1. List the residues, sorted by chain then number, that are 5 or more residues from ASP410 or on another chain and whose placed amide H is less than 5 Å from its amide H.
2. Let me know the shape class of the range 195-261, please: from the alpha-carbon gyration tensor, a ≥ b ≥ c as square roots of the eigenvalues, rounded when a/c is under 1.5, otherwise prolate if a/b is greater than b/c, or oblate.
3. Given axes a ≥ b ≥ c from the Cα gyration tensor, I'd like to know whether the range 429-528 is rounded (a/c under 1.5), prolate (a/b larger than b/c) or oblate.
4. Kindly sort SER520, SER146 by accessible area of their heavy atoms, largest first, with the probe set to 1.4 Å.
5. Name the residue farthest towards the positive end of the dipole of the chain from the options THR415, GLY290, CYS215, assuming +1 on Cβ of Lys and Arg, -1 on Cβ of Asp and Glu, about the Cα centre.
6. Report the charge-dipole magnitude of the chain in Debye, nearest 20, computed about the Cα centre from +1 at each Lys and Arg Cβ and -1 at each Asp and Glu Cβ.
7. In whole Å, what is the distance between the alpha-carbon centres of the range 375-405 and the range 275-336?
8. What's the center-to-center distance, using Cα atoms, between the range 108-133 and the range 51-77 in Å?
Amino acid sequence: MTLWPEEFAARYREAGYWTGEPLDLMIRRHAAERPGRIAVTDGERHWSYAELDRRADRLAAGLLARGLRRGDRIVLQLPNVAEFFEVFFGALRAGVVPVMALPAHRRAEISYFCEFAEARALFVADRHAGFDHRELAAEVLAAVPSLGEVVVVGDPGRFTPIEELRAEPAPVADPPTAADLAFLQLSGGSTGLPKLIPRSHDDYLYSVRESAAICELTPASVYLCALPAAHNFPLSSPGTLGVLHVGGRVVLAPEPSPATALALIERERVTITGVVPPLALAWADAAARGGHDLSSLELLQVGGAKLSEEAARRLGPALGCRLQQVFGMAEGLVNYTRPEDSEETVLTTQGRPISPADEVRVVDDEDRDLPDGEHGHLLTRGPYTIRGYWNAPEHNARAFTADGFYRTGDIVRRTPGGHLVVEGRAKDQINRGGEKVAAEEVENVLLAHPAVHDVAVVATPDEYLGERSCAYVILRPEAPRPRAAELRAFVRAGGLADYKVPDRVEFVVEFPHTGIGKVSKKDLRSTAR
Ligand code: AMP
Ligand code: DBH
């Protein structure tokens, strides 16, 4: 599979952005040079680079011994446990491609990933956050023909314990190359079905390496992974991979509450972490109440959703560290404010791109370039931005320009200094404090309810999350009127992740329409306000 046009691939190699190094080599290298240094801390468990390297070798051998081959897919749905990295690096080493599911995903998402990616195996934890992932896995296993087995970290029940995947290390007969698809990242999306994002070793390592440099990571860096490890932000911006790339240490937080996170920052002497805006504010409030020594913390990164200037002003002083805004996407482009930026820039912009080769256009509705300072659609192309979603030609024709720019769906303006300010969104999505909800995906579930004639899901402003979701519903006249709670339960029963369940349901008799007769979500949003 060619992920980039050869002309561009050659250019990115020539410029030294793509080095031909597979992502898992960082672990091998540190295991040789600093074997005893701790790579990953998970509670009382501390895995050294040598141990992580050995575990990745054994897991790779285990996958191959079970008949998986280079290019085969697995779905990886693990919470923030050390085994996440064992399976991730093990799979990469074998050339097996993980789909990076989130712990919050449920039956609808997990079966879709397994089915669409024709996954051979599903990796889950036994239980997490009060949910039994084995029960879900049993349903998915029964429904998806390609799926050969479920591998469990923890009590396996009737499935395969991860211990069985730890085989004698053996050379990989058909090792992956750095140009290969390394894993499939997930898009928050704006359509009925989630999209899979094909990332190669070459392109991802470039973004990780440059991110680590921009964030001035060193072997002394300690990164607290508080967001779900599979998410693109904590994985790569610079995230866990950035810290492992430079030989630092990853500390895993089982969940991101202030109580857990601040205690870990103090105990593990964390130097850097990345969070979404609502979490940053919750941590700042908790820090202000005192009781934690947060003096090790140097940098708080905030991204995933827009951080208001007012909130931005509070964070640094409250946590006693520098602030960095991060505006990124799993499809590629990541923007950072920089250490050398003025305070004003850090507080009021979402940063500028990683790479001099990131091509950024701000355009009007007809794809005409706009001057700096004007709001428009953000289009981008570059050495770590995908040229298309995985196996989605029809959607790709809309989501990318003919010359390969990704239509981010974000409305931005560019400052004279080249920084981007996110002003809004053109895509049909709700950003619930960094958790993206594709309106259409939720609408499709609700449309299957017998009492629902039509539905439109839109964002409503929320003081804490930035946005929440509201489903406007037109009922069938003849059907018994359901309660709002029943429709919310219907979405949950449809197997969607909890964060996609509409926060509010409003019954209406008609929708506002645009000039050409489409439902005007813009007008619905103002009604909601
Ligand atoms: P995804 O494509 O699912 O990875 O989600 C990426 C999207 O999250 C971006 O296109 C933005 O809409 C949003 N996003 C990420 N970071 C920020 C930020 N710092 N400010 C505003 N929106 C953001
Ligand atoms: O929201 C995102 O997807 C995101 C935010 C910050 C991201 O993918 C990233 C940084 O890499």
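The values are calculated or read from the model by the stated rules, or taken from the named source; none is laboratory data. Since we're looking at a predicted model, the values are computed, not measured. When we count neighbours, we look across all protein chains shown, and the Cβ atoms used for this are built from the backbone with ideal geometry, even at glycine. Side chains included, ligands, DNA and RNA excluded: accessible areas come from the protein's heavy atoms. Shrake-Rupley method; radii C 1.70, N 1.55, O 1.52, S 1.80 Å.
1. The answer is LEU378, ALA426.
2. Verdict is oblate for the range 195-261.
3. oblate
4. SER146, SER520
5. With unit charges placed on the Cβ atoms, the residue in question is GLY290.
6. Its charge dipole is roughly 500 debye.
7. Rounded to whole Å, the Cα centres lie 30 Å apart.
8. Using only Cα atoms to place each centre, the spacing works out to 17 Å.
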